[in-house]
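The values are calculated or read from the model by the stated rules, or taken from the named source; none is laboratory data. Just so it is clear, the structure is predicted and the values come from calculations on it, not from any experiment. Every residue, glycine among them, receives a Cβ derived from its backbone with ideal geometry; neighbour counts consider all protein chains shown. Keep in mind that these areas ignore ligands, DNA and RNA; they rest on the heavy atoms of the full protein, side chains included. Shrake-Rupley method; radii C 1.70, N 1.55, O 1.52, S 1.80 Å.
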Amino acid sequence: MKFQEELKKCISDVMPELDVVIGWCASFDPLHATPHFMRRKEDIDKLEISPLSVHNLATYLPGLRGKKVGIVVKGCDSRSVVELLQENLIDRKDVTIFGFPCTGVVDQSKIKKALGHTGNVESCEMSDTALVIKMDDKTQTLAMAEMLADKCSSCRYPDAVISDYFAGEKIGNKGEKDVDYAAVEAFEKLSVPERFGYWLKELDRCIRCYACRNACPLCVCRDHCAAESRDPHWLSQENNVRDKLMFQVIHAYHLAGRCTECGECQRACPVDIPVLMFKQKMNQEIREIFQYEAGVDPEATPPLLSFKMEEENITEKVW
Amino acid sequence: MGLVKYLKSADLTPWLEELAQENKVFAPRYEGDAVIFAPFDPKQEISIKHAATMPPKKTVFPQSEKLVDFTYSKDPEDLSRVMIEGKEVLPEGTAVVFGGRPCDVRGFTMFDRVYLAEKTTDVYYKARRDNTSFITLACEKPETTCFCHWVGSSPYDATGSDVLATPIEDGYVLESFSPKGQKLLTSKLLENGDRWISKGQEVNENAVESLTDAPDLSRAPQKLLDVFDNMNFWEKAAAKCLSCGACAYLCPSCYCFNITDETTGMKGTRFRSWDNCMSAQFTMEASGHNPRPTKAHRLKNRVGHKFSYYPGIHDGVISCCGCGRCIKSCPVGIDIREIVQEAINHEPAIG
Amino acid sequence: MPVLEGTELRIVGFLCNWCSYGGADTAGVGRFKQPTDLRIIRVPCSGRIDPLFIVKAMMNGADGVLVSGCHPRDCHYSEGNFYARRRLEIIEKFLPILGYEPERFAYTWVSASEGQRWQEVVTSFTDQIHKLGPAPKILGPQASDTLSVMEAAL
Amino acid sequence: MKIGVFVCHCGSNIEATVDTAAVAAAARQFPGVAFATDTMYTCSEPGQDEIVAAIKEHNLGGVVVASCTPRMHEQTFRRTVERAGLNRYLFEMANIREHVSWIGKDREANTNKSIDLVRMATEKLTHNRPLYSKKFDINKRVLVIGGGVAGIQAALDCADGGLEVVMVEKTSTIGGKMAKLDKTFPTVDCSSCILGPRMVDVAQHPNITLYAYSEIEEINGYVGNFEIKVKKKATYVDWDLCTGCGICMEKCPSKKATDFFNEGIGKTTAINIPFPQAIPKKAKIDPAFCTKLTKGKCGVCAKVCPSGCINYEMQDEFITEKVGAIVTATGFDLFDWSVYGEYGGGRYPDVITGLQYERMLSASGPTGGHIKRPSDGKEPKNIVFIQCVGSRDKSVGRPYCTGFCCMYTAKQAILTKDHLPESQSYVFYMDIRAIGKLYDEFTRRAMEEYDTKYIRGRVSMIYPKGDKLLVRGADTLMGSQVEVDADLVVLAVGAEAAAGASKLAEKLRISYDTYGFYMEGHPKLKPVETNTAGVYLAGACQGPKDIPSSVAQGSAAAAKVLGLFSKDQLESDPQVSIVDIKRCIGCGKCIKTCPYGAIKETELRGMVKADVIETICQGCGICTSTCPQGAVQLQHFTDNQILSEVNALCQF
């Protein structure tokens, strides 16, 4: 990545004023990266930005409130930062944002599907167009475009929407238009029992680890989530699909008008449940009814916290 | 050495069907993009090429289980006199779990020391443990996240298993390690395995061969105690932790639980459900005080428990089976191996 | 027995205290005959209704949920129903993705003086739910029926 | 919690279609229920005593009454349980009358539904907590909106009772509709003779501040502490200086301004004082007709005014007043009768409204008290009165009876005969509604002594015939067609809610019915209260009323205000939101959505938290459904309380 050195220099210059800068570095195998907390100059050397930089680091910001934090953001991550600013959960003066032109990150489950498994990756070379993976004495080349996360193939915000430093050339944000909800729409075409049955089946394997929630940058209740609370007592701890599904609805509804579809919920799920669809549906509604998109303007008021006397796009039932 | 049998690959499904006549059989299969242990269904393909996404923990330690059904009743003469009658719900029936890996099944031995302790036997756990047999699949090649050999195990470790199945060309060498296992190997579909023994051993040895060198963890228990009060160490280690429960719930040796009552009208149920020490509620006290208020405290407990406190009271046995799921499935790639090694190598600042 | 087996379905109403609950009272005072399925939960304002209550009711086995508040601009708390309208609209559009028919939920506005309108709303909504029949149940005695329908569909 | 359940028969109101004994029997099996019974009239004294006794005998911690709507008797029973030493919020009601027994006759279904509702109430009650009111200071001033006879009465009674009163009147004089009347029924005494002194009293009362030609812009706050923004519309005349001498009116060259006071009978000057007895007697300029304001030319009034009070630059002015209670007396307006094509739809100058006729009859009116046809100024001989124009007529969306038209028509017929002894009056009517004291005798006098011809039937058509109007109708008693050659037709136009009533209701946060009339707290037991604490109703804003009723309601509203202010402090409703600071993350979503500004940010150990100002919170619960953390909970309607009701109803 051409801009990486520029970015390292940038971080290095600002580091003395910051408690920590969060980026990514190599992880347990060549196919994975991991969040990287840089506190000293030598930590910066390990910074690696690549299509493996999947994690939305904005998730860490509310927990670091009160500290001077630097954060490296993809375009999508920056929208979470905007939301956190909008909701007063972080202080602008304490956060230094480093942007870069993001060309997309991979979807590990697509790679896993393509290769059968990814348990023994020995090396992974990445270019703009391909991933060359050596594993089980074989070298396989995967087209980058096909391995990108869905959010990246249709990305409208490759550049951070808010940043203090931007390394490299901006790609250009397309803004909010032509959002593709084909997957949701296709799902909605299924029959009622098909839809109902789908979730019963998919959520059956949920282990209620709440990685979806904890990876979500906007799940800010943290230690006081309704999921485990008795007051309010929304859910039981029994292993049943009802409560698992209810939790997903709670998550999606609480994100209505806030979710930027960063996809961390689904990415974090250790058992690959397609939980992002709930949020996409909610966002589709928010967009159609209120022409609103989260994570663009820190000064905006999200639609469910406001109203109009006359709602142009709400047609009420006539009895 | 127990009974040794040979099973042709083609006979695997018929054999499992046969076992399913008298037992509930669990085998790994794809659900969505994840491989989980599910009730065996001959119509659905099983997936045993690689370790499953989730270990078969649920088969003995369900995600939630009914402990007691209770009913309130009233004295018709005095409605304010309420009686409660509880009915213990003990698990019934036998089960066979096929396709767990040595690490997965060895995990239950960590449970056993706690739940089958002489004075405090957990009757629910015991009922399932006694009635469940494990046909474990030896590993041919370790994954990058595997480290069973660090924690005293191996790719063909049969600890906790009833039968160990080593895959060889076109079939499996099956060896029993318990009377339960022996009973499983009486099927007519199986042939005598003696002539395949050496083939199996070869696969086992090759697997060991392909392991990288294991570091010495013998100092881990003490070293982890040494850094117990070093919150700097733990805050650094936990910086990227999300405090979710994926690591614990996918861990074959994590056995913590929570107990809750759910009541509807005059009836109720007491449930036991999985809990995990990464959750803020785990040690939340009724007063509102939490002795483990931050994720650093919680991660310290998870690592400390597995590599120091548990070994401290259970003859040095590390309560980790090295399956690597916590590394592989962690949304942010926390590597427990790194943390333990850092603790071992940690030198307290002088002065 | 919560509802009369065979003749009633489980319909939950969330009504604001000032308008719609009063409207339902007015309908009662006027002896406007209504189906017996509906059970009303009184809340101070439609703005108090967390849409998640609706989902919770559905997942706990309700066959239909009806919400009614003051007419827009007439909210006793001046703005509650404006917020409610947005939130209820969102959840109404969301329910189908879970596998519920959108017709199982409706929200409307009935003032304290509109007894007759309330009668019409209850009657028409109850009919609508009866046309759909019972909603699929996730837990409870009918859960196995649900599963077989689902399996047939998948 | 030990719960007691009381299932009310309400005589036969409930018992006829609900097996109350079975409901009580079922309730005995509910969790926590230690006592359950059915009683004849739970709200009666013995019924209440039974509750008190049961609480003591069975050591009950909470009570459920299954009876009528809580909107009727929740307060009653809260006091009952309080009498027995329980906190008033450890009480719930199941509405098995309005919502069950009265809406269907299926006894089995009704009984079953009642059991469900009682189950729900007991489950909620289990989650109830004792709540305690806080006391807060009140501002013992009252705002009266509207200076008609009802408002005047309320204002004077309050002022005489020692309260400071702020009166806001939309037009430039108080007096309202009554000031326009010539005489009043059934005594035929002079309207301005009885109203005039009361108007003067308002002007002179040391406790009353009058804002005429002003409107309510904004209302904030709550009972005891309202803050009112009043818009004083620009009059272009400095009222501090204006002496009401009237010279400006004499000299004003623009004489084509609409004469609102005279109901458009004739015109007035652009600068005018509506009528000689106006209070305040001050001039104002109608900017639509003043050539100085429209074209920048003229300025005569400024030149002639002896006190130099004309100010063409005057702007609307906003004043803030703090009061503790509000009496709404905004009156009514006349229905727009031009929708009636059969009466000419406004095309015939000699078809006029009753109120226009009043102005014509008035000695101080535009005709000096002479009855003249608007078309040619001639005295009419045959005069036809048509009743129920915009009343009791579904086809024009006015199904209600205005109630006073029968009487004023009779009065006008009598006065017509007094003015023009040779005239003949005809009244087309549907029914004669004369139910007040001496009313029926009065209408009989109109018929018998004044020879008014009453024809029961509707007029189907009016059309011009020469210089007369041919009125064709049916006499339904005789079963014949009737035609009258009329010189003048007077329509008894019905009342409708005053223009802008619904907008004001929104500001007051009170409800109004389909027709825009304000809703009283209870049709029988709270006729002057509204459902918003501290806001009271007087006069025709609540529904059409004649003068005695309006005055009575004005006094009643004043009594309510005086009663409210008899205490120095009020008790706040403890059904307010509270913040669980553990759960609160300080995101401020609740602050954004609270309609009252009742939640503020506060700092706790360096962290931002929300904090509810209890006296300002009105208990709507928007914050509770907004907060994703469940950190703000509306007391008595918490998530767990509502969830317990949901769970009681839906358990598969």
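General remarks:
- Acute angle (nearest 10 degrees) that the helix D:439-448 long axis makes with the longest principal axis of chain D, alpha-carbon atoms: 30
- Chain A: relative contact order as a whole-number percent, Cα under 8 Å and 6+ apart: 16
- Principal axis dimensions, largest first and in whole angstrom, of region D:456-537 by Cα: 58, 29, 17
- Kirkwood-based shape ratio for region D:507-652, expressed as Rg/Rh from alpha carbons: 1.11
- Total charge dipole magnitude, region B:237-324, about the Cα centre, Cβ charges on Lys, Arg, Asp, Glu only, Debye to nearest 20: 240
- Base-10 log of normalised Debye intensity for chain A (one unit scatterer per alpha-carbon) at q = 0.08 Å⁻¹: -0.39
- Think of chain A as having a plus end and a minus end, set by charges on the Cβ of Lys, Arg, Asp and Glu; of A:G175, A:T118, A:L148, A:T118 sits farthest toward the positive end of this dipole.
- Members of D:K267/D:K297; A:K244/B:K300; A:K93/A:K177 lying beyond 25 Å, as alpha-carbon distances in this model show: A:K244/B:K300; A:K93/A:K177
- Since only A:G104, A:S53, A:T34 are under comparison, the one whose Cα sits farthest along the positive direction of the charge dipole of chain A, derived from C-beta charges on Lys, Arg, Asp and Glu, is A:T34.
- The residues packed around A:E312, meaning those with a beta-carbon under 13 Å from its beta-carbon, carry a net charge of -2 if Lys and Arg are +1 and Asp and Glu are -1.
- Considering every alpha-carbon pair of the protein assembly as shown, the percent of pairs per 20 Å bin, from zero through the bin containing the longest distance, is 8, 28, 30, 19, 10, 4, 0.
- Residue among A:R267, A:R79, A:R208 with the largest mean-square fluctuation in a Gaussian network model of chain A, springs linking Cα atoms under 10 Å: A:R208
- Reach of B:K57 by Cα under 18 Å, taken over lysines that are not fewer than 8 positions away in the same chain: B:K24, B:K66, B:K126, B:K306, B:K328
- Ordering of A:83-93, D:615-625 by burial proxy (mean other Cβ atoms within 10 Å per residue, highest first): D:615-625, A:83-93
- Helix content alone sets the calculated 222 nm mean residue ellipticity of the protein assembly as shown: runs of n ≥ 4 DSSP H residues at -39500 (n - 2.57) each, divided across all residues, give -8500 deg cm²/dmol.
- Fully extended contour minus Cα-Cα distance, from B:E205 to B:Q222, at 0.36 nm per residue: 2.9 nm
- Probe 1.4 Å, protein heavy atoms only - accessible area per residue of the protein assembly as shown in square angstrom: 39
- Stokes-Einstein D for region D:160-310, Kirkwood Rh over Cα pairs, 10 °C, 1.306 mPa s (µm²/s): 93
- With kT/(6 pi eta Rh) evaluated at 4 °C and eta = 1.567 mPa s, and Rh the Kirkwood radius from Cα pairs, region B:155-279 diffuses with a coefficient of 65 µm²/s according to Stokes-Einstein.
- Inverse mean reciprocal Cα-Cα distance (Kirkwood Rh) of region D:235-288, Å: 11.2
- Hits among aspartates and glutamates - C-alpha to C-alpha of D:K437 under 15 Å, sequence gap 8 or more where chains match: D:D546
- Residue with peak Gaussian network fluctuation, chain C [Cα springs, cutoff 10 Å], from C:V43, C:V121, C:V29: C:V29
- Across region D:101-230, Cα pairs under 8 Å and at least six residues apart give a relative contact order of 23 percent.
- Size descriptors for chain B: radius of gyration and Dmax over Cα atoms are 22.4, 77 Å.
- Diffusion of region A:195-319 by Stokes-Einstein, at 25 °C in a medium of 0.890 mPa s and with Rh set to the Kirkwood radius over alpha-carbon pairs, works out to 154 µm²/s.
- Among the listed pairs A:K74/A:K174; D:K582/D:K609; B:K43/B:K188; D:K503/D:K592, those beyond 18 Å (Cα-Cα): B:K43/B:K188; D:K503/D:K592
- Net charge dipole size for the protein assembly as shown [Lys, Arg +1 and Asp, Glu -1 on Cβ; Debye, nearest 20]: 2720
- GNM result for chain C, Cα springs below 10 Å: residue of C:R87, C:R39, C:R73 fluctuating most strongly: C:R73
- Percent of Cα pairs exceeding the 20 Å cut-off, where the set is region B:215-351: 51
- Counting only DSSP beta bridges whose two residues both lie in region A:1-141, roughly 65 percent are antiparallel.
- Here's the list of lysines a cross-link from D:K417 could span, going by alpha-carbon distance under 17 Å and ignoring same-chain residues fewer than 8 apart: D:K183, D:K372, D:K378, D:K381, D:K453.
- Residues whose amide H lies under 5 Å from that of D:T353, counting only those 5 or more places away or on a different chain, are D:L491; hydrogens are built 1.01 Å from N in the peptide plane.
- For region A:156-231, the spread of Cα positions along each principal axis, largest first, Å: 47, 38, 20
- Against the compact-protein benchmark of 2.2 N^0.38 Å, the Cα-based radius of gyration of region A:1-135 scales to 1.11.
- Two-decimal log10 I(q)/I(0) for region B:82-141, as the Debye equation yields it once each C-alpha is a single scatterer, q = 0.16 Å⁻¹: -0.63
- Members of D:K170/D:K281; D:K170/D:K256; D:K322/D:K507; A:K134/B:K141; A:K2/A:K113; A:K308/C:K137 lying beyond 25 Å, as alpha-carbon distances in this model show: A:K2/A:K113; A:K308/C:K137
- For region C:12-92, a crude dipole built from +1 on the beta carbon of Lys and Arg and -1 on the beta carbon of Asp and Glu, taken about the Cα centre, is about 120 debye to the nearest 20.
- Peptide-level mean, for B:43-56, of C-beta atoms on other protein chains within 10 Å: 1
- Spread of Cα-to-Cα distances over 10 Å intervals beginning at zero, given as percent, for region D:81-234: 9, 23, 18, 14, 19, 15, 2
- Cβ-Cβ FRET estimate between D:Q569 and D:N220, R0 fixed at 22 Å, reported to 0.05: 0.60
- Note on chain C: Rg/Rh from C-alpha atoms, Kirkwood Rh, equals 0.99.
- Each 10 Å bin, from zero up to the one with the longest distance, holds this percent of the alpha carbon pairs of chain D: 3, 13, 19, 20, 18, 13, 10, 4, 1, 0.
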